[in-house]
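A.B. asks: Sending over a structure as structure tokens; questions will come in a sec.
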Amino acid sequence: MEAITIHQGTTIPLMNNNIDTDQIIPKQFLKNILKIGYGKHLFNDWRYLDDGTPNPDFILNAPERKNATILISGDNFGCGSSREHAAWALKDWGFKIIIAGSYSDIFFMNCTKNGLLPITLPQSARDYLAQLAPDQTITIDLPHQKVSCPSKTYSFDIDATWKEKFIQGIDDIDLTLQHAQEIHDFEKKIPVF
């Protein structure tokens with residue numbers, strides 16, 4: 001997992017509430033078992049017109065937003081089915097951080113386990129961040145739990161365990177591998193039949 005300590009990036013505001021996982025990555029694209037290749041289908045039904053051409057009115061298609069790494073959104077982000085592919089699609093598109101009012105519990109955990117940092121901020125903070133110009137950079141300071149732009153700074157909470165995993169760039173597999181010798185020693189004690 002890629003470490004996140006201080007991240008600077010531009011934003012894409014998609015301020016809808018209750019964006020579910022089928023809107024994030026529709027079911028017909030869940031054919032791949034790898035964590036890559038889903039970004040091209042992210043928000044597919046909003047991003048493309050019926051003939052398959054990009055919807056010029058959808059913000060992900062705006063040329064000035066193409067390098068954004070921070071998604072600003074509404075409440076209850078990632079609700080619906082528990083598909084981990086939704087986190088994979090957001091990450092594959094290039095997002096590193098999501099700032100929303102709240103998350104579905106399963107989606108939140110899928111983000112943390114896949115290196116996508118979910119931050120919760122109140123509506124007023126998200127409304128302000130959503131109005132920033134496409135080229136305006138904001139800074140996420142994970143060690144100090146701050147979201148900053150030139151004129152405002154917002155604090156956010158994060159579980160200490162997840163904070164440390166993001167800062168170190170480790171996931172559950174990495175944690176397990178830190179005990180590889182102990183696991184090996186234990187397995188040697190198991191009788192073979």
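A.B. asks: Quick check on the stretch 158-193: of everything there that is in a loop (DSSP other than H, G, I, E, B) and surrounded by 12 or more Cβ atoms within 10 Å (Cβ to Cβ), which residue is modelled with the lowest pLDDT?
C.D. replies: Step one: filter the stretch 158-193 for residues in a loop (DSSP other than H, G, I, E, B), giving 158-159, 169-171, 178-179, 189-193.
From the residues that got through so far, the ones that are surrounded by 12 or more Cβ atoms within 10 Å (Cβ to Cβ) too are 158, 169-171.
Numbers: Ile158: 97, Gly169: 93, Ile170: 91, Asp171: 84.
This residue is Asp171.
A.B. asks: Can you tell me which residue in the stretch 1-53 is surrounded by the most Cβ atoms within 10 Å (Cβ to Cβ), limited to those that are touching a Pro at 6+ places or on another chain (Cβ under 8 Å) and in a loop (DSSP other than H, G, I, E, B)?
C.D. replies: Thr10
A.B. asks: Taking into account only those residues within the stretch 61-79 that are in contact (Cβ under 8 Å) with a residue 12 or more places away in the chain and more than 22 Å from Asn110 (Cα to Cα), which is nearest to the chain's Cα centre (by Cα)?
C.D. replies: Step one: filter the stretch 61-79 for residues in contact (Cβ under 8 Å) with a residue 12 or more places away in the chain, giving 61-62, 64-65, 67-79.
Now drop any that are not more than 22 Å from Asn110 (Cα to Cα), which leaves 61-62, 64-65, 67.
Values: Asn61: 19, Ala62: 20, Glu64: 20, Arg65: 17, Asn67: 15 Å.
Step by step, filter the stretch 61-79, then rank; the result is Asn67.
A.B. asks: Follow-up. Which of the residues spanning the stretch 20-57 are of a type in the set (Gly, Ala, Ser) and in contact (Cβ under 8 Å) with a residue 24 or more places away in the chain?
C.D. replies: First pass over the stretch 20-57, keeping only residues of a type in the set (Gly, Ala, Ser): 37, 39, 52.
Once the filter is applied, which keeps residues that are of a type in the set (Gly, Ala, Ser) and in contact (Cβ under 8 Å) with a residue 24 or more places away in the chain, the stretch 20-57 yields Gly37, Gly39.
A.B. asks: Kindly state which strands (runs of 3 or more DSSP E) lie completely within the stretch 92-157 and contain at least 2 residues that are closer than 27 Å to Pro63 by Cβ.
C.D. replies: Working: elements: 97-100, 117-120, 138-141, 146-149, 152-155.
Because the criterion is at least 2 residues that are closer than 27 Å to Pro63 by Cβ, the strands (runs of 3 or more DSSP E) in the stretch 92-157 that meet it are 97-100, 117-120, 138-141, 146-149.
A.B. asks: Does Leu60 fit the bill of being of a type outside the set (Gly, Ala, Ser), farther than 25 Å from Asp157 by Cβ and either in a strand (DSSP E or B) or touching a helix residue (DSSP H, G or I) at 6+ places or on another chain (Cβ under 9 Å) (or both)? Walk me through how you get there before you give the answer.
C.D. replies: Details: of a type outside the set (Gly, Ala, Ser): yes; farther than 25 Å from Asp157 by Cβ: yes; either in a strand (DSSP E or B) or touching a helix residue (DSSP H, G or I) at 6+ places or on another chain (Cβ under 9 Å) (or both): yes.
Considered against the rule, which asks whether it is of a type outside the set (Gly, Ala, Ser), farther than 25 Å from Asp157 by Cβ and either in a strand (DSSP E or B) or touching a helix residue (DSSP H, G or I) at 6+ places or on another chain (Cβ under 9 Å) (or both), Leu60 comes out as yes.
A.B. asks: Consider Asp92 against the criteria (1) farther than 16 Å from Thr11 by Cβ; (2) in contact (Cβ under 8 Å) with a residue 40 or more places away in the chain; (3) buried (at least 21 other Cβ atoms within 10 Å of the Cβ); (4) touching a Leu at 6+ places or on another chain (Cβ under 8 Å): it satisfies all of them except one. Which criterion is unmet?
C.D. replies: Failing condition for Asp92: (3).
A.B. asks: Considering only residues that are surrounded by 19 or more Cβ atoms within 10 Å (Cβ to Cβ) and more than 14 Å from Asp159 (Cα to Cα), which ones fall in the stretch 104-114?
C.D. replies: Step one: list which residues in the stretch 104-114 are surrounded by 19 or more Cβ atoms within 10 Å (Cβ to Cβ), which gives 104, 107-108, 110-112.
Once the filter is applied, which keeps residues that are surrounded by 19 or more Cβ atoms within 10 Å (Cβ to Cβ) and more than 14 Å from Asp159 (Cα to Cα), the stretch 104-114 yields Ser104, Phe107, Asn110.
A.B. asks: From the list Ser82, Ser102, which one is touching a Phe, Trp or Tyr at 6+ places or on another chain (Cβ under 9 Å) and free of Cβ contacts under 8 Å to residues at least 60 places away in the same chain? Can you show your working first?
C.D. replies: Working: Ser82 fails: free of Cβ contacts under 8 Å to residues at least 60 places away in the same chain.
Among Ser82, Ser102, only Ser102 is touching a Phe, Trp or Tyr at 6+ places or on another chain (Cβ under 9 Å) and free of Cβ contacts under 8 Å to residues at least 60 places away in the same chain.
A.B. asks: Kindly provide the set of residues from the stretch 69-89 that are surrounded by fewer than 21 Cβ atoms within 10 Å (Cβ to Cβ) and polar (S, T, N, Q), ordered by number.
C.D. replies: Hits for the stretch 69-89 are Thr69, Asn76, Ser81, Ser82.
A.B. asks: Val147 - would you say it is surrounded by 12 or more Cβ atoms within 10 Å (Cβ to Cβ) and not acidic (Asp, Glu)? Quick ask: steps written out before the conclusion?
C.D. replies: Numbers: surrounded by 12 or more Cβ atoms within 10 Å (Cβ to Cβ): yes; not acidic (Asp, Glu): yes.
Spelling it out, Val147 is indeed surrounded by 12 or more Cβ atoms within 10 Å (Cβ to Cβ) and not acidic (Asp, Glu).
A.B. asks: Let me ask another. Could you check the stretch 135-172 and list, in sequence order, the residues that are over 19 Å from Ile98 (Cα atoms), of a type outside the set (Gly, Ala, Ser) and over 19 Å from the mean Cα position of the chain (by Cα)?
C.D. replies: Once the filter is applied, which keeps residues that are over 19 Å from Ile98 (Cα atoms), of a type outside the set (Gly, Ala, Ser) and over 19 Å from the mean Cα position of the chain (by Cα), the stretch 135-172 yields only Pro150.
A.B. asks: Report yes if some residue within the stretch 95-103 is surrounded by 19 or more Cβ atoms within 10 Å (Cβ to Cβ), closer than 26 Å to Leu175 by Cβ and in contact with a helix residue (DSSP H, G or I) (Cβ under 6 Å, 6 or more places away or on another chain); otherwise report no.
C.D. replies: no
The values are calculated or read from the model by the stated rules, or taken from the named source; none is laboratory data. Keep in mind it's a predicted model, so treat the numbers as computed, not measured. As a convention, Cβ positions derive from the backbone with ideal geometry for all residues, glycine included, and neighbour counts pool all protein chains shown.
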